[in-house]
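> Below are the structure tokens for one structure; questions will follow.
The values are calculated or read from the model by the stated rules, or taken from the named source; none is laboratory data. Keep in mind that this is a model prediction, so the values were computed, not measured. Don't worry about glycine lacking a Cβ; one is built from the backbone with ideal geometry, like all the others, and counts go over all protein chains shown.
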Amino acid sequence: MRRYSILLAFLLAIGAGVADAQEPRADPLDGKTFRSLEKLPGGDRPDGKVTLIHWEVRFKDKSFTWRHYDKVATGTYSFDAKTGTVTVKGGPDASLDAKTGILTWRERKYAPVEDAKKT
């Protein structure tokens, strides 16, 4: 009897593992903020000089906010887990490198911003 109980528990554990493997992967962008690796133009100052800032892309619930120059653009996106492609509705070409975590957004590189709660 004990042997059958162990076998049953083993089979249930394998079944749960297979079920988890078949579920679609979670969106790795949701809730994340990415900041440009380099400082880029952030708008003109009254004295005519250009302020350099880190551009930023924030993702939440299939929507994005992109702060660049002295503008903020918003829209929606989808993520293809197989290719790492980010499809931005009416926006720039984008992709996420799963190994490095670097987001390429309109040919610029963005690094993930660490969660302030963790540090």
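> For a quick check of your reading: which strands (runs of 3 or more DSSP E) sit entirely within segment 45-93 and have at least 1 residues that are out of contact with any helix residue (DSSP H, G or I) (no Cβ under 8 Å at 6 or more places or on another chain), surrounded by fewer than 16 Cβ atoms within 10 Å (Cβ to Cβ) and not polar (S, T, N, Q)?
Counting at least 1 such residues, we get 50-53, 56-60, 71-80.
> If I filter segment 18-42 down to residues being among the acidic types (Asp, Glu) and under 23 Å from Asp80 (Cβ atoms), which single residue comes out as modelled with the lowest pLDDT?
Per the criteria, the residue is Asp20.
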